[in-house]
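To start, the structure itself, in structure tokens.
The values are calculated or read from the model by the stated rules, or taken from the named source; none is laboratory data. Just so it is clear, the structure is predicted and the values come from calculations on it, not from any experiment. All Cβ positions, glycine included, derive from the backbone under ideal geometry; neighbour counts span all protein chains shown.
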Amino acid sequence: MIVALLLVLASPASAIECLTPLLAQQRALFNPMPTRPTEGGMFSFEDDDVVEYLDSEDGSVRVHYSVSGSSVTILDDDDSDGLPDFAQLVAATTAAVFDHYESLGFRRPLGEEEMGLGEVGGSYAFDVYLVDFAGQGDGAFSADSCDSQPNVCSGFFMMENDFAGYGYSNLTQAVNTLTSHELFHAVQAAYEAESPVWWSEGTATLAERLFDPDSEDFIHLAGYYLDDTGRSLDNPPTGPVPTFAYATALWWDFMNVRLGTDAIVALQQALEWDGADKDTLTEMQAVIEANGSDLATEWSTFTQWNLATKFRAGAMESHEYAAEIGPIDISAMGATLEDDNRFYPLAASYYQLQHPGGELWFSHDDDATGVIFTLHPVVDGTESGAVEPALVEWTPTEPAWFQVAEDLDAGIYWLVGTQARISDSSQKFLFCLGDAAQAEICLAAPGDTGATDDTGDSEPPGKCGCTSAPTAPVGLGLLAMLGLTLGWRRRE
């Protein structure tokens, strides 16, 4: 059964820092027994409230609000038509959101009549209730009824009655955010009543941007993803719904940009309940492949876009709003890099190399199958410079050491490591990046693999056919060393 979603993030921007530690880690909690606000429940009208309603022009939405009492809404009537402008705005926006989602190819939410409920709320229209959340949230979608065959639900939506003390820029931003997010949960419930929170909340946050490309809330929440890039996409922190679940919207928007909204619609359709268990990641990979790409390519590109954010944006392709989010968290930095790291599926680690110039070598001491590495120069070679496209990309497998580049300029470089595949386990190995001596720290020269030149001196083993491209990224799988195929992988 789908359950009520109650947002506990009081504002879309800086106000999150003012919340208690518990609230700062979550944006939602669940109410397993949704009740209409006119009947009581966690957030409801009080006995002294005088509740009225108005319908949207097309009759698809009914908004219930208090004109007097504890939950009185904003009653301004600037157009002097006898109806509160705020309630009219909610009704019109709700109807517009439903129409917009339908125009994109999504299914309309199930209604009371389709579920055999009768005219709950006084009509068959979708009901919205303007109630006082008292700063404990700002909106919620709740299910009225669910069918097990198929496993779908219909429901209603509650919204903060006046947004007094909340951090939205204006009422239009508040209404756009709440209607687009919560009503997407109603859309999801028309396909499946249960879904992983990182998918349901991430795509509901994406929906805010689908409806309003200037959504402040989307930017705010998506930016949180860059605080925890080492975490697998499908493995948010335990406990009440964490911010990370909403922040996965950054990935869903990347898919939307790269593959089109039809791909998001197709994935939602693929997850429709049909009596069989569905794995969201597996279905996601199938949709990506059906659109002419592959998960490894898309995920590796996504991790590189995430590097080119904030002050590092501008020199390579990245998110349209790249300068407004980030920067990513740095795993390690130095003139050489040595890290005994665990690369989780569909996650990424970022390293800053302060290279003195010249050769650059890489080594690793254990199976690295599935991990993709890319090396990026920086404009002017400075720490604050924008990141440029990858110079080289490699996919190591068995323990090896090899030369990544022959003669690099001195300056700042970025190393991105990501497991870009679906997997049940992480890949843990020690790797080194630096000169040949540094590479030998992680993996001593294999027995008799050195080649002897005309002078009788031995060369370091593992010279590779790395392909360098100063102005464009190198294609995947171009790196090979002595017959070793270098590979890749992903994390949750």
Give the residue that is nearest to residue 378 (Cα to Cα), with candidates limited to residues of segment 316-339 that are surrounded by 17 or more Cβ atoms within 10 Å (Cβ to Cβ) and hydrophobic (A, V, I, L, M, F, W, C).
-> 316
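Assigned to a helix (DSSP H, G or I), touching a helix residue (DSSP H, G or I) at 6+ places or on another chain (Cβ under 7 Å), in contact (Cβ under 8 Å) with a residue 12 or more places away in the chain and crowded, with 22+ Cβ neighbours inside 10 Å, is that true of residue 245?
yes
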For segment 265-284, pairs from a residue that is over 17 Å from residue 104 (Cα atoms) and modelled with pLDDT of 90 or more to a residue that is assigned to a helix (DSSP H, G or I) and of a type in the set (Ser, Thr, Tyr), with Cβ under 9 Å and 6 or more apart or across chains, are 271/280
Those residues of segment 190-226 which are of a type in the set (D, E, K, R) and either surrounded by 20 or more Cβ atoms within 10 Å (Cβ to Cβ) or closer than 23 Å to residue 171 by Cβ (or both), in sequence order = 192, 201, 208, 209, 212, 214, 216, 217
Just to be sure, is residue 236 within 12 Å of the chain's Cα centre (by Cα) and not in a helix (DSSP H, G or I)?
-> yes
Please state which of the following conditions residue 86 fails to meet, knowing it meets all the rest: (1) in a helix (DSSP H, G or I); (2) over 19 Å from residue 50 (Cβ atoms).
-> (2)
So is residue 268 more than 14 Å from the chain's Cα centre (by Cα), buried (at least 21 other Cβ atoms within 10 Å of the Cβ), part of a helix (DSSP H, G or I) and outside the structural domain of residue 190 (by TED's automatic domain parsing) or not?
-> no
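If you check residue 9 against the conditions, is it under 27 Å from residue 167 (Cβ atoms), modelled with pLDDT under 95 and either crowded, with 18+ Cβ neighbours inside 10 Å or of a type in the set (Ser, Thr, Tyr) (or both)? Walk me through how you get there before you give the answer.
Numbers: under 27 Å from residue 167 (Cβ atoms): yes; modelled with pLDDT under 95: yes; either crowded, with 18+ Cβ neighbours inside 10 Å or of a type in the set (Ser, Thr, Tyr) (or both): yes.
For residue 9, the condition - under 27 Å from residue 167 (Cβ atoms), modelled with pLDDT under 95 and either crowded, with 18+ Cβ neighbours inside 10 Å or of a type in the set (Ser, Thr, Tyr) (or both) - is met.
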Among (1) small (Gly, Ala, Ser); (2) touching a Phe, Trp or Tyr at 6+ places or on another chain (Cβ under 9 Å); (3) loosely packed, with under 15 Cβ neighbours inside 10 Å; (4) not in a loop (DSSP other than H, G, I, E, B) - the single one residue 95 does not satisfy = (3)
What tally of residues in segment 205-217 results from selecting those that are touching a residue at least 24 places away in the same chain (Cβ under 8 Å) and out of contact with any Leu (no Cβ under 7 Å at 6 or more places or on another chain)?
-> 9
